[in-house]
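Notes follow the structure.
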Amino acid sequence: MVGFERDEEQLSKEKGLDLIKKLHDFGMYKINFAGGEPLLNKHLSDYIKYSKSLGLKVSIISNAAKMTNSWIIANCPHIDQVGISCDSLNDDIQKSIGRGFGNHVDITRRALTRINKFNEDFGMKVNVKLNTVVMRQNYQEDWSDFLLEHGVKRWKVFKILLIKGENDEFYNESSITDEQF
């Protein structure tokens with residue numbers, strides 16, 4: 001089970017690079033930087049570039065809030081796939097479930113547009129993926145136009161799950177049936 005305890009201490013850059021090297025030497029061929037929010041890690045760019053230099057397939061999952069154009073230009077040459085987490089096309093719903101401050105749809109749209117422009121301008125092929133948790137608040141949304149408009153190659157859709165101690169109160173008002181999913 002994945003734990004959600006708060007850990008304020010980050011790996012040092014050297015320990016992080018050493019861990020990536022050990023995983024590579026053990027036979028790992030893909031690495032995915034996820035979180036929390038991986039763009040908050042001050043060594044992420046170094047980890048991404050080092051991973052790619054070892055020949056690993058590199059992906060990242062982000063909420064895209066810190067995915068600036070300069071970050072994309074500096075890092076996407078070393079990334080095979082960028083996944084962005086967005087659970088609704090309605091910012092009021094996003095805000096009510098704790099994702100963003102009422103502008104997360106625009107942040108998602110901007111990041112997807114920037115990555116697609118990067119691909120076009122530099123002849124790159126960074127795949128774009130969207131991750132969505134389906135729950136009572138969003139299960140009837142039609143994402144078709146959004147996915148097509150933004151060149152999303154892969155859409156991972158998850159049914160909300162109960163995580164004891166993390167979403168107990170929220171889960172009851174957000175759970176859906178298998179039929180709704």
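The values are calculated or read from the model by the stated rules, or taken from the named source; none is laboratory data. This one's a predicted model, so the numbers in the text were calculated from it and none came from an experiment. Cβ sites come from the backbone with ideal geometry, for glycine too, and all protein chains shown count toward neighbours. Surface accessibility is based on the protein's heavy atoms, side chains included, excluding ligands, DNA and RNA. Shrake-Rupley method; radii C 1.70, N 1.55, O 1.52, S 1.80 Å.
If I filter the stretch 73-102 down to residues being surrounded by fewer than 17 Cβ atoms within 10 Å (Cβ to Cβ) and closer than 17 Å to Gln137 by Cα, which single residue comes out as nearest to the chain's Cα centre (by Cα)? By that ranking, first place goes to Gly98.
Remark: Glu141 falls outside the filter, which requires a residue to be among the acidic types (Asp, Glu), more than 22 Å from Asp80 (Cα to Cα) and modelled with pLDDT under 95. The residue of the stretch 25-60 that is farthest from Cys86 (Cα to Cα), among those that are polar (S, T, N, Q) and surrounded by fewer than 19 Cβ atoms within 10 Å (Cβ to Cβ), is Ser53. Filtered by the rule that a residue be among the hydrophobic types (A, V, I, L, M, F, W, C) and either within 17 Å of Ile93 (Cβ to Cβ) or not in a loop (DSSP other than H, G, I, E, B) (or both), the stretch 159-168 gives a lone residue, Ile160. Look at Thr177 and say whether it is more than 14 Å from Met67 (Cβ to Cβ), in contact with a Cys (Cβ under 9 Å, 6 or more places away or on another chain) and either in a helix (DSSP H, G or I) or at pLDDT 95 or above (or both). Here the answer is no, as Thr177 does not meet what is asked. Only one entry of Tyr139, Tyr171 meets the criterion of being open to solvent by less than 100 Å² (accessible area, probe 1.4 Å), of a type in the set (Phe, Trp, Tyr) and assigned to a helix (DSSP H, G or I), and that entry is Tyr171. The single condition from (1) out of contact with any strand residue (DSSP E or B) (no Cβ under 8 Å at 6 or more places or on another chain); (2) of a type outside the set (Phe, Trp, Tyr); (3) surrounded by 15 or more Cβ atoms within 10 Å (Cβ to Cβ) that Lys66 fails is (3). For the stretch 3-17, the condition of being open to solvent by 70 Å² or more (accessible area, probe 1.4 Å), in contact (Cβ under 8 Å) with a residue 60 or more places away in the chain and at negative phi holds for at least one residue. Quickly run through the stretch 142-154 and pick out the residues that are surrounded by 14 or more Cβ atoms within 10 Å (Cβ to Cβ) and either within 15 Å of Glu179 (Cα to Cα) or not β-branched (Val, Ile, Thr) (or both). Of everything in the stretch 142-154, those that are surrounded by 14 or more Cβ atoms within 10 Å (Cβ to Cβ) and either within 15 Å of Glu179 (Cα to Cα) or not β-branched (Val, Ile, Thr) (or both) turn out to be Trp143, Phe146, Leu147, His150, Gly151.
Here Glu166 fulfils each of the conditions (1) among the acidic types (Asp, Glu); (2) modelled with pLDDT of 95 or more; (3) open to solvent by 50 Å² or more (accessible area, probe 1.4 Å) apart from (2). Only one of the numbered conditions (1) within 17 Å of the chain's Cα centre (by Cα); (2) surrounded by 19 or more Cβ atoms within 10 Å (Cβ to Cβ) is violated by Thr113, and that is (2).
Among the residues of the stretch 113-144, the one identified as more than 30 Å from Asn172 (Cβ to Cβ) and touching a Leu at 6+ places or on another chain (Cβ under 8 Å) is Val128.
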